[in-house]
Amino acid sequence: MLTVDALTKTYKTGDKALRAVGFTVPKGQVVGLIGPSGAGKSTLIRCINRLVEPTEGRVLLNDLDVTALPAAGLRRARRRIGMIFQEYALVERLTVMENVLSGRLGYVGFWRSFLRRFPETDIENAFRLLDRVGLMSHADKRADALSGGQRQRVGIARALAQDPELLLIDEPTASLDPKTSRQIMRLIVEICAERGLPAIINIHDVLLAQQFTQRIIGLRAGEVVFDGDPAALDENVLTRIYGEEDWTAMRRAAEEDDAAERDAAERMAGMV
Amino acid sequence: MSVTTYPRTWRRPPTMIRDARLRYALYAGILVYLVLAVGSVEVNWARVWEGLDRGWRFVLGFLQPDFTSRWRDISQGLVESLTMTMTATVAGVIISVPIGIGAARNLAPRPVYYLCRGIIALSRSLQEIIIAILLVAMFGFGPFAGFLTLTFATIGFLSKLLAEDIEDIDEAQAEAIRATGASWWQLVNYAVQPQVMPRLIGLVLYRFDINFRESAVIGIVGAGGIGATLNTAIDRYEYDSAGAVLLIIIAIVMAAEYSSSHIRKWVQ
């Protein structure tokens with residue numbers, strides 16, 4: 001369980017990125033965090049594992065106060081929080097396997113990681129995860145040899161290798177095409193359900209968020225302006241989060257997209 | 001219904017100096033300075049005429065290089081130079097990698113950063129020849145002084161360029177490794193090293209060939225190697241042997257150039 005309590009972040013420039021943000025995510029819940037660019041979504045999830053240092057407020061991970069930890073304690077806390085990134089953030093020149101195993105860095109000593117001599121259980125688990133995300137045969141390829149969707153799967157495997165108690169996911173689909181986006185979102189949601197993992201997903205695509213998450217938090221100018229069921233996300237709420245726009249048009253366009261995609265899929269199925 | 005007319009000419013606005021008068025004044029100033037500067041160079045044409053003859057003999061020596069009569073000196077100087085270059089490059093790399101990491105703003109704490117930048121500035125501000133003269137005075141003639149000189153110069157060069165390369169890495173990859181709970185050393189090994197390694201290898205090869213060329217120069221002030229051989233040959237007016245030495249230097253630098261471009265392609 002994750003509790004965020006009155007989290008505030010003021011940057012050195014004086015910009016207030018977050019204003020007393022608070023919410024609780026119970027075990028196994030997948031939360032979509034939506035809001036316009038610059039609303040503080042990225043800052044919020046980075047404050048949770050203190051890649052960005054919050055100015056005020058607390059972050060509690062199963063009763064552990066992450067915000068109060070000294071450096072060594074913070075590293076131990078970070079290894080319990082898996083993170084998935086927008087542009088995958090894989091180390092491009094390392095192999096897929098090394099990228100997955102890098103999720104274990106918080107658990108092994110320097111020399112073991114330097115010599116790539118990870119414990120057998122870690123290696124076994126890394127292979128299991130690669131198999132789970134469907135990349136078993138790519139283990140020895142360099143990360144930059146993979147496609148976008150494959151890279152994001154490696155990113156997911158790396159986060160899971162940490163054996164996390166929480167997933168922070170920053171725009172997982174921003175660099176992917178609509179179909180791959182859905183596959184990746186489905187994979188994330190399935191894995192969270194399998195492991196009872198709570199997750200916070202920063203996401204631009206409102207419809208994708210509605211389709212895959214169990215709860216939506218809307219952020220505007222660093223404040224929570226909506227927190228509730230995805231079904232409750234109507235035109236009024238969207239206007240409150242993003243400002244005035246013709247939301248029905250967006251929905252129609254997306255339905256057409258979906259229909260086209262289904263159509264294409266059926267035709268593909270027919271060909272086989 | 002009115003039709004908007006758009007301009008049909010467009011000129012790039014001046015970006016550096018907006019005021020046209022100031023700009024032209026500056027151009028004029030630069031021109032005047034150049035004319036005066038060139039005018040102040042004193043050339044003794046009589047001496048140039050005399051020297052032409054000597055230069056011509058040098059060129060002739062080039063055209064008829066004599067590898068054989070001084071071969072013992074040349075080969076000994078060459079081996080000395082290559083040893084000096086190799087050892088100095090290796091020692092320089094070993095010392096400059098930690099200094100380079102320390103001089104990267106995104107990895108090192110402030111005091112370490114300033115210390116390492118200080119070392120780099122010191123190494124870069126002193127020219128090889130000056131160091132060589134100092135070290136020859138300290139350690140006597142011979143390749144040991146040359147080895148120390150080249151090592152010292154390598155530190156400034158490699159650390160600076162490595163530090164700049166580390167500062168230019170893709171931060172997202174480093175952030176991802178940091179988010180796994182990795183320690184600082186693990187961060188360097190997993191996120192920084194893979195990103196800077198190809199360029200580091202390229203820089204080391206480049207520095208190797210700079211060191212070889214420098215070994216010829218510092219030999220002239222007594223730091224051993226092929227430079228000492230070259231100096232002796234010129235002092236004895238044996239331009240044919242000097243030509244041979246220069247041709248060998250050119251051949252070795254070219255070989256280093258070609259092999260380094262191959263190696264760089266291979267490590268990409």
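The values are calculated or read from the model by the stated rules, or taken from the named source; none is laboratory data. Because the structure is predicted, anything quoted here is derived from the model rather than measured. Cβ placement follows ideal geometry from the backbone for every residue including glycine, while neighbour counts extend to all protein chains displayed. Note: accessible area is taken over every heavy atom of the protein model, side chains too, but ligands, DNA and RNA are not part of it. Shrake-Rupley method; radii C 1.70, N 1.55, O 1.52, S 1.80 Å.
If B:S69 meets every condition in (1) open to solvent by less than 20 Å² (accessible area, probe 1.4 Å); (2) modelled with pLDDT under 90 apart from one, which number is that one?
Failing condition for B:S69: (1).
Do we find a residue being surrounded by fewer than 23 Cβ atoms within 10 Å (Cβ to Cβ) and touching a Lys or Arg at 6+ places or on another chain (Cβ under 9 Å) anywhere in segment B:213-224?
No, every residue in segment B:213-224 fails to be surrounded by fewer than 23 Cβ atoms within 10 Å (Cβ to Cβ) and touching a Lys or Arg at 6+ places or on another chain (Cβ under 9 Å).
Taking segment B:132-191 as the search range and keeping residues that are without any contact (Cβ under 8 Å) to a residue 60 or more places away in the chain and not in a helix (DSSP H, G or I), which one is farthest from the other protein chains (Cβ to nearest Cβ)?
Only one residue tops the list, namely B:G140.
Taking only segment A:85-96 into account, find how many residues are more than 9 Å from chain B (Cβ to nearest Cβ) and open to solvent by less than 20 Å² (accessible area, probe 1.4 Å). Steps first, please.
Going through segment A:85-96, the residues more than 9 Å from chain B (Cβ to nearest Cβ) turn out to be A:95-96.
Now narrow it down to the ones that are open to solvent by less than 20 Å² (accessible area, probe 1.4 Å): A:96.
So the answer is 1.
Output the strands (runs of 3 or more DSSP E) that fall wholly within segment A:198-242 and possess 3 or more residues being open to solvent by less than 20 Å² (accessible area, probe 1.4 Å), or say none.
Qualifying strands (runs of 3 or more DSSP E): A:199-202, A:215-220.
Filter segment A:60-77 down to the residues that are away from chain B (no Cβ under 14 Å) and assigned to a strand (DSSP E or B), then identify the one that is nearest to the chain's Cα centre (by Cα).
Checked segment A:60-77; the qualifying residue nearest to the chain's Cα centre (by Cα) is A:L60.
For the subset of segment B:192-215 comprising residues that are under 18 Å from A:R116 (Cβ atoms) and among the hydrophobic types (A, V, I, L, M, F, W, C), which member is nearest to the other protein chains (Cβ to nearest Cβ)? Give the steps one after another, and end with the answer.
First pass over segment B:192-215, keeping only residues under 18 Å from A:R116 (Cβ atoms): B:192-195, B:197.
Remaining after also requiring among the hydrophobic types (A, V, I, L, M, F, W, C): B:192, B:197.
Working: B:V192: 9, B:M197: 7 Å.
Looking at residues that are under 18 Å from A:R116 (Cβ atoms) and among the hydrophobic types (A, V, I, L, M, F, W, C), I get B:M197.
Let's see how each residue does on (1) more than 10 Å from chain B (Cβ to nearest Cβ); (2) among the basic types (K, R); (3) closer than 22 Å to A:T173 by Cα; (4) not in a helix (DSSP H, G or I):
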| position | (1), (2), (3), (4) |
| --- | --- |
| A:G82 | no, no, yes, yes |
| A:W111 | no, no, no, no |
| A:R117 | yes, yes, no, yes |
| A:F127 | yes, no, no, no |
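Does at least one position in segment B:83-96 carry a residue that is surrounded by fewer than 17 Cβ atoms within 10 Å (Cβ to Cβ) and touching an Asp or Glu at 6+ places or on another chain (Cβ under 9 Å)?
So far as segment B:83-96 goes, no, none of its residues is surrounded by fewer than 17 Cβ atoms within 10 Å (Cβ to Cβ) and touching an Asp or Glu at 6+ places or on another chain (Cβ under 9 Å).
Being open to solvent by less than 40 Å² (accessible area, probe 1.4 Å) and in contact with a Lys or Arg (Cβ under 7 Å, 6 or more places away or on another chain) is the filter here, so list the residues in segment A:99-112 that pass it.
Those that are open to solvent by less than 40 Å² (accessible area, probe 1.4 Å) and in contact with a Lys or Arg (Cβ under 7 Å, 6 or more places away or on another chain): A:N99, A:V100, A:S102, A:G103, A:G106.
Being under 20 Å from B:I249 (Cα atoms) and either acidic (D, E) or modelled with pLDDT of 90 or more (or both) is the requirement here; does B:T87 meet it?
Values: under 20 Å from B:I249 (Cα atoms): yes; either acidic (D, E) or modelled with pLDDT of 90 or more (or both): yes.
Spelling it out, B:T87 is indeed under 20 Å from B:I249 (Cα atoms) and either acidic (D, E) or modelled with pLDDT of 90 or more (or both).
Evaluate segment A:143-165: report whether one residue or more is out of contact with any Pro (no Cβ under 9 Å at 6 or more places or on another chain), part of a loop (DSSP other than H, G, I, E, B), within 13 Å of chain B (Cβ to nearest Cβ) and open to solvent by less than 10 Å² (accessible area, probe 1.4 Å). Quick ask: steps written out before the conclusion?
To start, the set of residues in segment A:143-165 that are out of contact with any Pro (no Cβ under 9 Å at 6 or more places or on another chain) comprises A:143-151, A:153-154, A:157-164.
Of the ones still in play, those that are also part of a loop (DSSP other than H, G, I, E, B) are A:146-147, A:162-164.
Then keep just the ones that are within 13 Å of chain B (Cβ to nearest Cβ); that gives A:162-164.
Checking the rest, the ones that are also open to solvent by less than 10 Å² (accessible area, probe 1.4 Å) come to A:162.
Looking through segment A:143-165, at least one residue is out of contact with any Pro (no Cβ under 9 Å at 6 or more places or on another chain), part of a loop (DSSP other than H, G, I, E, B), within 13 Å of chain B (Cβ to nearest Cβ) and open to solvent by less than 10 Å² (accessible area, probe 1.4 Å).
Go through segment A:15-41 and give me each residue that's open to solvent by 50 Å² or more (accessible area, probe 1.4 Å) and either more than 14 Å from A:I203 (Cα to Cα) or at pLDDT 90 or above (or both).
Within segment A:15-41, A:D15, A:K16, A:R19, A:A20, A:T24, A:P26, A:K27 qualify.
Answer yes if at least one residue in segment A:178-194 is outside any helix (DSSP H, G or I) and more than 14 Å from chain B (Cβ to nearest Cβ), and no otherwise.
no
Can you pull out every residue in segment B:44-61 that is among the hydrophobic types (A, V, I, L, M, F, W, C), open to solvent by 70 Å² or more (accessible area, probe 1.4 Å) and under 33 Å from the mean Cα position of the chain (by Cα)?
B:L52, B:W56
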